[in-house]
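Working notes, structure below.
The values are calculated or read from the model by the stated rules, or taken from the named source; none is laboratory data. This structure is a prediction, so every number in the text was calculated from the model and none was measured. Counting neighbours? That spans all protein chains shown, and the Cβs are built from the backbone with ideal geometry, glycine included.
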Amino acid sequence: MKAVVQLKYGTPDAVLQLREVEKPVVRDDEVLVRVRAASMHVDVWHVVTGRPYVLRLVGNGLRRPMTQIPGTDVAGQVESTGKHVMRFQPGDDVFGETAVNSWRHGGAFAEYVAVPQDWLALKPVNVTFEQAAAVPTCGSIALRNLRGAGRLRAGQNVLINGAGGSVGSIAVQIARADGARVTGVDCAEKLEMILSLGAERVLDFRQEDFIRGGERYDLILDIASTLSLADCKRVLTPNGIYVFIGHDHFGRARGRIVGSVPHFFALIARGRFEAHLPRPPFGPFSKQEVMTVLQGLLEAGKLSPVVGKTFPLSEVPAAMRAMQEGSVRGRIVVVP
């Protein structure tokens, strides 16, 4: 089969190659998926480049990737199943994650990938393979931080900073599905799309500073990671929560060694004492629970991923460049 292969860390153009490799052999609890679409998201860039360096300790490999095929989000058709698989059968359309966490390669940028059955869900018939592939990792991040860390409730006033990105565009829709009033902050080029996803109000961060406005928010989800707790406390309600995601802006934000990881964990530690920070635990969301919720939102039409552009396997480096440049409105998807 054809697959994108990575033998060392580095820039995508330098380290990613399209090769012929052996088709995966499924374990007893795995499903072999014929890949129809695999999405591009920021965490894939981090794992390909190996930056910040601290993330290599999470399990992808210290000096080089232990798993050589990148990509973590997939949608496709079940080709075959292991002997212990009971939830799926050949011919089923499925979508889900392919790696234990987003800091490892998952083998999705290939024609076939083997995936544990509990990491998958049936693809709703009302969404395309490309739309379904755009959901798992970014949907999981949005869901955990809105319903877990953010304790989202109906009627709340929510601001999403970075609402036009891969996580933000899903977060807007989940917040709206839960009955929240959403303000989306991003660049002017993405504001129309954010409105179409259900936001009641949009702000161009280059022209407007919501900190200086009179609005108060029950929850601020800082996906772009450009805000500070000190500033946000000025516009949060007395019980409002600030949730920091930790976007490193492709290595430009906080350096190549540790990135935003120390800041992220420092905020978690402060959450035990600071009223405006989330307190652990952030919700008992397993992969299967997350996929069940996302499947339901897709099926109900409450989540409609916007696919901006598709790339073939041979152009994965170009797809990653397009993601870095922010030139595509909507999700970038790889189609074998």
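Taken together, the residues in the range 96-129 that are among the polar types (S, T, N, Q) and either at pLDDT below 95 or crowded, with 19+ Cβ neighbours inside 10 Å (or both) amount to 4. Could you tell me whether the range 207-219 includes any residue that is in contact with a helix residue (DSSP H, G or I) (Cβ under 6 Å, 6 or more places away or on another chain), buried (at least 21 other Cβ atoms within 10 Å of the Cβ) and not in a loop (DSSP other than H, G, I, E, B)? Looking for residues that are in contact with a helix residue (DSSP H, G or I) (Cβ under 6 Å, 6 or more places away or on another chain), buried (at least 21 other Cβ atoms within 10 Å of the Cβ) and not in a loop (DSSP other than H, G, I, E, B), one finds none in the range 207-219, hence no. Checked against (1) more than 23 Å from Leu303 (Cβ to Cβ); (2) surrounded by 22 or more Cβ atoms within 10 Å (Cβ to Cβ); (3) more than 20 Å from the chain's Cα centre (by Cα), Lys233 passes all but a single condition, namely (2). Only residues that are closer than 22 Å to Gly301 by Cβ, over 12 Å from the mean Cα position of the chain (by Cα) and outside any loop (DSSP other than H, G, I, E, B) were counted in the range 123-159, giving 7.
Could you list, in sequence order, all residues of the range 176-206 that are farther than 19 Å from Val235 by Cα and either in a helix (DSSP H, G or I) or in contact with an Asp or Glu (Cβ under 8 Å, 6 or more places away or on another chain) (or both)? Arg176, Ala177, Cys187, Ala188, Glu189, Lys190, Leu191, Glu192, Met193, Ile194, Leu195, Ser196 - these are the residues of the range 176-206 that are farther than 19 Å from Val235 by Cα and either in a helix (DSSP H, G or I) or in contact with an Asp or Glu (Cβ under 8 Å, 6 or more places away or on another chain) (or both).
One residue stands out among those in the range 130-158 that are farther than 24 Å from Gly240 by Cβ and β-branched (Val, Ile, Thr): the one that is surrounded by the most Cβ atoms within 10 Å (Cβ to Cβ), which is Val135. If you filter the range 181-193 down to residues that are surrounded by 24 or more Cβ atoms within 10 Å (Cβ to Cβ) and among the hydrophobic types (A, V, I, L, M, F, W, C), you find that the one that is farthest from Gly326 (Cα to Cα) is Val182.
Listed by first and then second residue, the pairs with beta-carbon distance under 9 Å, at least 6 apart or on different chains, first residue in the range 156-178 and touching a residue at least 24 places away in the same chain (Cβ under 8 Å) and at positive phi, second surrounded by fewer than 24 Cβ atoms within 10 Å (Cβ to Cβ) and of a type in the set (A, V, I, L, M), are Gly162/Ala224; Gly162/Ile245.
Those strands (runs of 3 or more DSSP E) of the range 1-114 in which 2 or more residues are in the same structural domain as Ala319 (by TED's automatic domain parsing) and touching a Ser or Thr at 6+ places or on another chain (Cβ under 6 Å) occupy 30-40, 73-81.
Among the residues of the range 220-230 satisfying the criterion of being among the hydrophobic types (A, V, I, L, M, F, W, C) and in contact with a Gly (Cβ under 8 Å, 6 or more places away or on another chain), which is surrounded by the most Cβ atoms within 10 Å (Cβ to Cβ)?
Leu221
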